[in-house]
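Presented below is the structure to which this report refers.
The values are calculated or read from the model by the stated rules, or taken from the named source; none is laboratory data. This one's a predicted model, so the numbers in the text were calculated from it and none came from an experiment. Every residue, glycine as well, gets a Cβ built from its backbone with ideal geometry; the counts of neighbours run over all protein chains shown.
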Amino acid sequence: MVFANLFFLYAFLPLNLILYFSTKNRAFRNAVLIFFSLFFYAWGEPVWVTLLIFSATIDYFHGLIIEKYRGKIGAKLALISSLVLNLGLLGIFKYSGFFVENINLLTGLDLPVPAFSLPIGISFYTFQTLSYTIDVYRDEVKPQHSYMKFFMYVSLYSQLVAGPIVRYADVAIEVDERHENLEDIYSGTARFLVGLTKKVFIANVAGQFAETYLMGDLTKQSTAAVWFGVLMFSIQIYYDFSGYSDMAIGLGKIFGFHFLENFNYPYIARSATEFWRRWHMSLGGFFRDYVYIPLGGNRKHQYLNLFIVWFLTGFWHGASWNFIIWGLWFGVLIIIEKLFLLKWLKKLPVISNIYLLFIAVMGWVMFYFEDMGRMFDCFAVMFGAKGTGFWDISLELTLLNNIFWIILAVAFCMPIVPSVKKFIENHPKVQMPAKILQIPANAVMLIVNTSLLVGMSYNPFLYYKF
Amino acid sequence: MKIDKHAYGEDYGKERSDKIVKILSVAVCLVIIFVIGILAWALPQPTYSEYEKRDLNQMPEFSIESLFKGEYTLGVELAYADTFAFRENFVKMQAMIEEARGIRIEGAAIYGPVPGNTNDEDDKIPPSSEVSSEQSSESSSSDNISRPDNTSSSEMSSSESSSSEQSSESSSSEAQDDGEQGETVAGIFLYKGAAYELFGGSKKAAEYYAGVVNKYGDAFGSGVKVYNMVIPKHAEFGLTGRYDSLSNSEKDSIDYIYSMLDSDVIKVDAYSVLKEHSDEYIYFNTDHHWTGLGAYYAYTAFMDAAGLSYYDYESYTKHIIEPFLGTLYAGTDRAKALEDNPDYVEWCEFPVTNKTYQYNKSDLGNYFASSVMHGYAKGANSYGVFLGGDFPLTVIKTNVNNGRKLVIIKESYGNAPATFIAAGFEETYVVDERYYDGNLVDLVNSRGITDVLIINNCAAANTNFHIANIESLLTQTYSGAIAYPEG
């Protein structure tokens, strides 16, 4: 199931809320969350829900074994077992087809290509359980002794299918003891609705334009039209992904969990280095703490470490070469920035913004096209190498027909909301009116998004490949 | 120390009102979710949407198999969305929000993919002026044209694979119209209260089409005349000025096709007569079809080509069906501009005594008595007045006595002209290339056919799906015995 869906909003969620808040009994509330999470996951993956249970169960025991044999070989074995099993799951379900295809290509063999359908969210929850076992091994967090509580952490539906990657250490206290309260429910509700609006009102519309302008024969499009399509995809993936994170964070708050932020206005970054401190922060943090630093970080063979991390970052997004290219594109840029570019960029405010937007958008072209031929066609048309003409009247009409929406979509890539919040904080007189305004704002967001969900057929889920 | 009780009280009051506002802020969402959520279950579940003119998804049957395949849960979500409380109001609101996203100068708006001006020289239709000089070189390379080409533009294929066979169980008393099925899904341009389907076109597809038509030229004995008519659509005449470039030239495409036809295929020039009357009401503004009047003009062109006389338009007894909001109204998410400017369908009574029979899909073993005109057609299906919609085979027998028997091979564009043309022949067999399962050579031979007309709109003549259907009519065989109405 996904959040931006009528069945979720008007059937699943209200039932979940009623049952959850019907009693203050902690064990009952946890059980409700587990039940609804399993239902949520099994709704989309009735078969592979078994993998989720398997992954959670083995790492529960890994944690206990590590604690029992701390400092001994047993602990190490449990850690290795966790790595092998979790990465093995990913390897089999996500990468086996890719590996066999490439082996066939290289060797000319004709091995049968395994065709597993990728279980939704497997890349997110295997990373969560991995982080748990590693953190326990490092003695950075105490293992969870209650299977129920651990299972609730792994299966919690708010971040199960599209992130953020929530580390156990960040919510360990709240798994045991959390205090749902009005303040959190209030801000969580608003946060969820903002995320829903980002997904339904912006991302879905942008996605439709991206598809219109990028799915067909690119060599029949004008240069401006392909740029528009690529920019629309850049808008779509930001609003979709960060919208999902907003919804996850909002839902978590309603149930008393506080997840870390996952996006921080990445498009205002001024370097690739900074972009990745603002984009999908939970993934960047994961690779930093569990790959980059263990490899030696910036102390030994830093560039090799960076290369490995960015190769893996790309590969994590999908078992296809274009994602690897996309990851390495950022890896190379970050290395160049470390060598000399970053110093210059810091001195060049506007140019550095343009630089980042340019490389990010180029990156999205690599991300969008799994077919290399189409990727090159796209670049060729974008830079006028196909002679398709710069402008066309249909694009002009599309721009005019959607001009207000485009202005909104671009504007909210910038930190308008935090600025407004800060202004309200500094001006006590507007605090109450602002809060009162939140009441109709919530209602409008809910009703508008509902009408768009009822009326629109286009509502893709982008994370099947992750 | 002096305690300011007043200030304390004020703070307390502030805190309280703060709490109330927060509760209200959450409560308003809860009320909406719960009220609509409960109504979604409690209200009667509609099965058909009059507003959207379609059957609504119903709750699926539960089975372990469909659950494991993920079909069951998907079905529940679809049915839930389709039977949602206040659905119609929400859909209208969505259309309003969509129209409010920007500016529409003189109502100009664009929907969906636009057929770009191809730069792929291999697939670019040559302008008419160049056709004659290119002809010789083109026809020499025509050996490889009958290859369905799937690499061409997306507008060619997106709807074909997902052919939404609308609940096709049609009884004789029910007008049916398959609407967009199998038609190209090009973008739609909306301007001054009229919607136009944009034309892309493909040189390769046009060559394929001409090759298939030429096969018809060779398929029958010398006593059978084969005609081809390719009809321009509304965008060809309706788009002017700077918007003209939105749609590629249909004239170029038609001329290119005709230039490749062998001399034994008679080319029917509908284009000229339609152009001559292009300021009349020959196309609908809210539907992708042409009007009866447009079809009438094409009919006169065909009768000239066939050496037969035609009726004066004034001589028909006419009726009007209104209002008519057709497929393009749906395709523009029910644009307000079209709603304010609905079409009407003027239809003419069939002028000669006749017996008419029709067949249901996938069943050529049985026919039922029907009629040429279906005057009860209404609403979004008003174009269904012509032949009652798309049946695999319609047989029209008249009291005409001229020894001429005709087969018409058509998609839905052919329905309207068939209702005029049939009055000039003893027997007319109207075959829908999408649904007819029989063999066309058998039909021609067994029924003593003298004339075969392949009639297509220009988009269909550039769409591999249609062309492949027309091609396979010559070779496919029907598994059972086909029943023909005798006498």
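The condition of being outside any helix (DSSP H, G or I), assigned by TED's automatic domain parsing to the domain that holds B:Tyr299 and closer than 19 Å to B:Gly294 by Cα does not hold for B:Gly438.
Has region A:122-136 got any residue that is surrounded by fewer than 20 Cβ atoms within 10 Å (Cβ to Cβ), within 26 Å of A:Tyr244 (Cα to Cα) and aliphatic (A, V, I, L, M)? No; the residues of region A:122-136 include none that is surrounded by fewer than 20 Cβ atoms within 10 Å (Cβ to Cβ), within 26 Å of A:Tyr244 (Cα to Cα) and aliphatic (A, V, I, L, M).
Is it true that A:Ile202 is farther than 30 Å from A:Gly373 by Cβ and facing another protein chain (nearest Cβ under 7 Å)? In short, no.
Against the numbered list (1) closer than 30 Å to A:Phe93 by Cα; (2) within 25 Å of the chain's Cα centre (by Cα), A:Ile407 comes up short only at (1). Just for region A:1-10: of the residues that are assigned to a helix (DSSP H, G or I) and more than 23 Å from B:Glu65 (Cβ to Cβ), which one is farthest from the other protein chains (Cβ to nearest Cβ)? Residue satisfying both the conditions and the ranking: A:Phe8.
Give me the residue from region B:239-284 that is in a loop (DSSP other than H, G, I, E, B), in contact with a Ser or Thr (Cβ under 9 Å, 6 or more places away or on another chain) and among the hydroxyl-bearing types (Ser, Thr, Tyr) and, out of that set, surrounded by the fewest Cβ atoms within 10 Å (Cβ to Cβ). Ranking the qualifying residues of region B:239-284, first place goes to B:Tyr281. Tallying residues that are at pLDDT 90 or above and either surrounded by 14 or more Cβ atoms within 10 Å (Cβ to Cβ) or not in a helix (DSSP H, G or I) (or both) within region B:1-22 yields 2. Are any of the residues in region B:222-243 acidic (Asp, Glu), within 30 Å of B:Ala335 (Cβ to Cβ) and within 14 Å of chain A (Cβ to nearest Cβ)? No, region B:222-243 contains no residue that is acidic (Asp, Glu), within 30 Å of B:Ala335 (Cβ to Cβ) and within 14 Å of chain A (Cβ to nearest Cβ).
Applying the set (1) in a helix (DSSP H, G or I); (2) farther than 27 Å from A:Met232 by Cβ; (3) away from chain B (no Cβ under 14 Å) to A:Phe124 leaves exactly one unmet item: (2). Each residue in region A:403-435 was checked for being crowded, with 18+ Cβ neighbours inside 10 Å and either in contact (Cβ under 8 Å) with a residue 40 or more places away in the chain or more than 10 Å from chain B (Cβ to nearest Cβ) (or both), and 4 of them qualify. Name every residue in region B:96-110 that is within 7 Å of another protein chain (Cβ to nearest Cβ) and part of a helix (DSSP H, G or I), in order of residue number. Those that are within 7 Å of another protein chain (Cβ to nearest Cβ) and part of a helix (DSSP H, G or I): B:Ile97, B:Ile105. In the set A:Glu337, A:Glu370, only one residue is away from chain B (no Cβ under 14 Å), acidic (Asp, Glu) and touching a residue at least 60 places away in the same chain (Cβ under 8 Å); that residue is A:Glu337. Residues being in a strand (DSSP E or B) and among the basic types (Lys, Arg) are represented in region B:401-423 by at least one member.
Of the helices (runs of 4 or more DSSP H) lying entirely inside region A:237-324, the ones with 1 or more residues being β-branched (Val, Ile, Thr) are found at A:272-278, A:302-316. All conditions but one from (1) more than 30 Å from B:Ile36 (Cα to Cα); (2) surrounded by fewer than 13 Cβ atoms within 10 Å (Cβ to Cβ) apply to A:Ile393; the one that does not is (2). Taking strands (runs of 3 or more DSSP E) as the structural unit, those lying wholly within region B:292-360 and holding at least 3 residues that are surrounded by fewer than 18 Cβ atoms within 10 Å (Cβ to Cβ), assigned by TED's automatic domain parsing to the domain that holds B:Val400 and out of contact with any helix residue (DSSP H, G or I) (no Cβ under 7 Å at 6 or more places or on another chain) correspond to B:318-324.
Going through (1) within 23 Å of A:Trp279 (Cα to Cα); (2) of a type in the set (Gly, Ala, Ser); (3) more than 13 Å from chain B (Cβ to nearest Cβ) one by one, A:Ala210 falls short only on (3).
Annotation note: of B:Lys336, B:Lys378, B:Lys410, the sole residue that is basic (Lys, Arg), closer than 29 Å to B:Tyr216 by Cβ and touching a residue at least 12 places away in the same chain (Cβ under 8 Å) is B:Lys410.
Restricting attention to region A:11-41, which residues are facing another protein chain (nearest Cβ under 9 Å), in contact with a Leu (Cβ under 9 Å, 6 or more places away or on another chain) and more than 20 Å from A:His179 (Cβ to Cβ)? Answer for region A:11-41, where residues must be facing another protein chain (nearest Cβ under 9 Å), in contact with a Leu (Cβ under 9 Å, 6 or more places away or on another chain) and more than 20 Å from A:His179 (Cβ to Cβ): A:Leu13, A:Pro14. Just one of the listed residues (A:Gly243, A:Gly188, A:Gly195, A:Gly163) is small (Gly, Ala, Ser), within 14 Å of chain B (Cβ to nearest Cβ), more than 25 Å from A:Asp377 (Cβ to Cβ) and under 16 Å from the mean Cα position of the chain (by Cα), and it is A:Gly195.
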